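The values are calculated or read from the model by the stated rules, or taken from the named source; none is laboratory data. If you're wondering where the values come from, they're calculated on a predicted model, not measured in any experiment. No Cβ is skipped: glycine too gets one built from the backbone with ideal geometry, and neighbour counts run over all protein chains shown.
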Amino acid sequence: MSEPLNVTVELGARSYPIWIGPGLLDDAPRWRSALRGRHVLVVSNDVVAPLYLQRVVSGLEGLAVSTLILPDGEAHKTLDSAARVFAALAGLKASRDATIVALGGGVIGDLSGFAAACWMRGIAFVQMPTTLLAMVDSSVGGKTAVDLPQGKNLVGAFHQPRAVVVDTSTLSTLPERELRAGLAEVVKYGALGDAAFFTWLDQQADALLARDAHALAEAIAKCCSQKAGIVSRDETEQGERALLNFGHTFGHALETATGYGRLLHGEAIAIGMLQAARLSTRLQRAAASDADRLQALLARFGLPISIPPGIDPQRLLDLMRLDKKNVSGRLRLILWRGIGQAEIVPDVEAEAILMVLEKGLRAEG
Ligand SMILES: NC(=O)c1ccc[n+]([C@@H]2O[C@H](COP(=O)([O-])OP(=O)(O)OC[C@H]3O[C@@H](n4cnc5c(N)ncnc54)[C@H](O)[C@@H]3O)[C@@H](O)[C@H]2O)c1
């Protein structure tokens with residue numbers, strides 16, 4: 001096995017590695033060093049477990065191991081599922097030095113991380129992400145959460161993993177639509193802070209869509225190192241980390257307005273980023289040509305670029321007002337000065353947003 005790419009999230013004593021490469025699930029000698037104690041609970045779901053669980057469990061020989069396989073889907077990122085994780089840990093007689101291994105996409109990662117943050121006030125956990133979105137985003141940075149009927153990610157904690165094991169060969173089974181949704185988050189990193197990476201993505205688009213192993217590993221490493229840098233400077237989102245939400249205020253509003261499930265998260269973010277870019281142009285903060293380049297790259301990745309028909313712009317605006325990032329009723333958005341230059345804009349005029357949303361409904365899709 002060739003040496004994986006390696007990125008470190010620098011957080012003093014809580015620093016941790018992200019290993020990226022094909023076949024890493026089988027490389028237990030590497031990742032076992034991140035486990036603590038004798039007790040390990042592997043959490044996965046009924047789509048991912050049949051494909052990959054055995055490879056992880058084989059690497060845990062000699063330890064007290066239990067597995068928990070949850071039903072697939074965001075609908076199961078709940079307190080009930082967290083309670084099932086706690087019951088499994090209790091069944092394993094896990095103490096404070098137990099480890100949870102999260103094997104799956106962002107749903108399993110967020111839920112397992114949340115349970116790890118709570119069990120005996122915090123135990124170790126290791127992320128083994130198997131979707132592109134989880135590899136470049138949710139498995140890194142320590143945001144964990146479950147959903148409530150009242151809203152997504154309402155109950156959560158910051159709890160960093162002890163390692164992130166990105167086995168890129170697991171992407172071979174990822175459905176095409178999920179891959180493309182993950183590519184939206186990849187584009188986000190270029191858009192928000194790295195113009196050279198954005199250009200590279202343009203050049204490598206075909207290779208990425210064809211799941212070329214080298215191109216994917218390089219893209220994932222680039223995203224992870226950008227996120228690692230931001231997280232190490234601003235772990236709890238007092239400032240800079242908010243830039244990672246480029247496109248997300250629009251995107252979350254779209255997800256709610258269309259009903260969860262119609263648009264994948266990454267698809268909503270693609271539309272959202274483009275709205276943020278168009279709004280930046282309208283507010284004369286950025287050139288229209290940069291938004292055009294973003295639109296072209298997203299379209300090349302087969303991502304949606306216009307707001308689905310039938311959505312009322314006023315309703316989207318109302319939903320955007322509910323965003324966690326707003327301060328004192330003012331609309332605080334992540335906009336940009338152009339490709340690679342996102343910025344936090346504290347008080348955006350509702351009128352301008354509404355005009356961009358109305359145009360976004362009519363854009364070519
Ligand atoms: N914590 C964070 O910082 C953060 C950031 C972004 C998103 N999130 C969260 O991530 C979640 C979305 O994550 P996601 O997009 O990975 O969704 P997901 O976990 O639901 O995975 C998408 C689908 O792909 C399947 N799948 C996973 N890996 C596979 C593989 N290798 N082969 C075949 N099928 C596979 C899953 O079972 C699921 O059906 C949301 O809950 C979101 O809130 C968290």
Quiz item: Of the residues Ala210, Ala217, which is crowded, with 16+ Cβ neighbours inside 10 Å and out of contact with any Lys or Arg (no Cβ under 9 Å at 6 or more places or on another chain)?
Solution: Ala217
Quiz prompt | Filter result (within 11 Å of the ligand (Cβ to nearest atom) and either among the basic types (Lys, Arg) or touching a residue at least 60 places away in the same chain (Cβ under 8 Å) (or both)) within the stretch 146-159 | solution = Val146, Asp147, Lys152, Phe158
Quiz item: When you look at Thr249, is it surrounded by 20 or more Cβ atoms within 10 Å (Cβ to Cβ) and of a type in the set (Ser, Thr, Tyr), yes or no?
Solution: yes
Self-check item: Residue in the stretch 316-330 that is nearest to Gly360 (Cα to Cα), counting only those that are in contact with a Ser or Thr (Cβ under 7 Å, 6 or more places away or on another chain) and at pLDDT below 80
Solution: Asp323
Quiz item: Any idea which of Asp234, Asp202, Asp194 is away from the ligand (no atom under 12 Å from the Cβ), acidic (Asp, Glu) and without any contact (Cβ under 8 Å) to a residue 24 or more places away in the chain?
Solution: Asp234
Quiz item: Any idea which residue in the stretch 79-98 is surrounded by the most Cβ atoms within 10 Å (Cβ to Cβ), counting only those that are within 30 Å of Ala181 (Cα to Cα) and in contact with a Leu (Cβ under 8 Å, 6 or more places away or on another chain)?
Solution: Ser81
Quiz item: Out of Arg300, Arg285, which single residue is modelled with pLDDT of 95 or more and touching a helix residue (DSSP H, G or I) at 6+ places or on another chain (Cβ under 7 Å)?
Solution: Arg300
Quiz item: If the Cβ limit is 8 Å and pairs must be 6+ apart or interchain, which residue in the stretch 69-89 that is under 15 Å from Gly105 (Cα atoms) pairs with which residue that is away from the ligand (no atom under 15 Å from the Cβ)?
Solution: Leu70/Arg84
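Rundown of residues vs (1) under 23 Å from Arg177 (Cα atoms); (2) buried (at least 21 other Cβ atoms within 10 Å of the Cβ), yes/no style:
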residue: Met273; (1), (2): yes, yes
residue: Ala296; (1), (2): yes, no
residue: Arg300; (1), (2): yes, no
residue: Arg315; (1), (2): no, no
Quiz item: If you go through the stretch 226-236 one residue at a time, do you hit one that is closer than 15 Å to Trp19 by Cα, within 16 Å of the chain's Cα centre (by Cα) and not aliphatic (A, V, I, L, M)?
Solution: yes
Quiz item: Is it the case that Val187 is over 19 Å from Leu303 (Cα atoms), within 15 Å of the ligand (Cβ to nearest atom) and in contact with a Phe, Trp or Tyr (Cβ under 8 Å, 6 or more places away or on another chain)?
Solution: no
Practice problem: For the stretch 263-277, indicate whether the set of residues that are in a loop (DSSP other than H, G, I, E, B) and of a type outside the set (S, T, N, Q) is non-empty. | Solution: yes
Quiz item: Among the numbered criteria (1) in contact with a helix residue (DSSP H, G or I) (Cβ under 8 Å, 6 or more places away or on another chain); (2) without any contact (Cβ under 8 Å) to a residue 12 or more places away in the chain, which single criterion is violated by Gly12?
Solution: (1)
Quiz item: Quick check, is Thr168 within 7 Å of the ligand (Cβ to nearest atom), among the hydroxyl-bearing types (Ser, Thr, Tyr) and either within 28 Å of Ala296 (Cα to Cα) or touching a strand residue (DSSP E or B) at 6+ places or on another chain (Cβ under 8 Å) (or both)?
Solution: no
Exercise. State which residue is nearest to Ala13 (Cα to Cα) when the search covers only the stretch 111-128 and only residues that are surrounded by fewer than 24 Cβ atoms within 10 Å (Cβ to Cβ) and touching a strand residue (DSSP E or B) at 6+ places or on another chain (Cβ under 6 Å).
Key: Ala124
Quiz item: What are the residues in the stretch 97-141 that are within 6 Å of the ligand (Cβ to nearest atom), among the polar types (S, T, N, Q) and in contact (Cβ under 8 Å) with a residue 40 or more places away in the chain, if any?
Solution: Thr130, Thr131
